[in-house]
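Note sheet for the following structure.
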Amino acid sequence: MSDKRQRARVQGSWAKPLPKQPRPTGAIPNSSTVVIPSANPPPAGWGVGQRMFEYQQPAKPVRDVPTEKVIEMGGDYEISHGPSGVSRLRLIHGFLPPEEADWTFSKLLAELPWSQKTNYRQGEAYEEPRLTCWYGELPYTYAHSTLDANTQWHPLLVTLRCAVEKASGHRFNSLMCNLYRNCKDSIGWHSDDEVALGTRPTIASLSLGDMRVFSLRKQPAPEEDGDYTYVERLRIPLTHGTLLMMEGATQDDWQHSVAKEYHDRGPRINLTFRTMYPEHQGPRPRAGLPPQH
């Protein structure tokens with residue numbers, strides 16, 4: 001016998017046997033399983049003549065949340081058809097070549113009269129999380145706040161407006177400039193559907209600077225009672241020098257936003273060209289360019 005086994009036997013001989021448990025004095029049921037009564041016994045007749053579980057059909061059909069789609073390739077997109085009409089997007093990458101886009105961004109960043117606008121939500125004032133400036137013959141009112149008319153267009157903005165008009169086939173007389181200083185600047189869900197913009201307005205959005213994600217979500221159907229859970233959603237990464245056109249019923253049937261991000265972003269300038277009409281004249285059809293001869 002090896003030394004290890006011998007030591008184990010010797011050590012085992014020192015162990016004391018476990019004490020014997022006292023036997024119960026009452027009768028033991030003739031079964032291998034001892035049933036311990038519950039502290040809270042069920043009422044008499046539990047489970048007799050009753051259905052403990054019954055499957056209930058959901059009041060509403062179970063639906064999957066639609067997967068968010070991403071648009072990255074340039075081109076024309078019909079994103080929806082509805083009673084308001086066809087909603088269309090046109091994405092043009094490299095509308096401004098890189099060197100021209102760099103120079104344009106630097107000049108506008110340094111020379112436009114950027115300011116932080118005070119807005120109101122439920123009667124409380126707050127500072128918008130971005131800087132803005134407005135150009136146009138008419139004032140622009142949105143979210144209970146008004147930007148005064150400004151006809152002193154920066155010469156570079158006039159040049160850009162002409163280039164956008166030529167590419168889009170639309171004329172524009174107004175411009176909203178947004179400066180997103182970093183990843184914390186944003187704009188919430190909204191539509192550019194003010195009465196002064198007319199019926200089915202066309203919005204041309206030129207991006208300069210760091211990339212930001214432009215998100216769209218479809219307006220819910222009336223029976224959804226304002227619930228956006230199951231609506232279609234789109235994401236468009238807008239890069240330096242990209243032009244995005246929103247046409248047709250996009251402002252009627254969709255909302256858009258630029259959300260805060262949780263990683264570093266450099267500054268981004270967004271120029272949104274649009275056409276404004278005097279409100280007393282009512283909405284007008286879209287502003288098309290005359291035929292080219």
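A few points about this structure:
- Summing charges over all other residues whose Cβ lies under 11 Å from the Cβ of P129, with Lys and Arg as +1 and Asp and Glu as -1, gives +2.
- Shape call, segment 69-274: gyration tensor on alpha carbons, a/c limit 1.5: rounded
- Across K166/K260; K69/K184; K184/K218, pairs whose alpha-carbon gap is larger than 29 Å: K166/K260
- What segment 69-274 shows is 48 Å² of accessible area per residue, with the surface traced by a 1.4 Å probe over protein heavy atoms.
The values are calculated or read from the model by the stated rules, or taken from the named source; none is laboratory data. This one's a predicted model, so the numbers in the text were calculated from it and none came from an experiment. Quick reminder, even Gly has a Cβ in these numbers, built from the backbone with ideal geometry, and neighbours come from all protein chains shown. We work out accessible area using only protein heavy atoms, side chains counted, and drop any ligands, DNA or RNA first. Shrake-Rupley method; radii C 1.70, N 1.55, O 1.52, S 1.80 Å.
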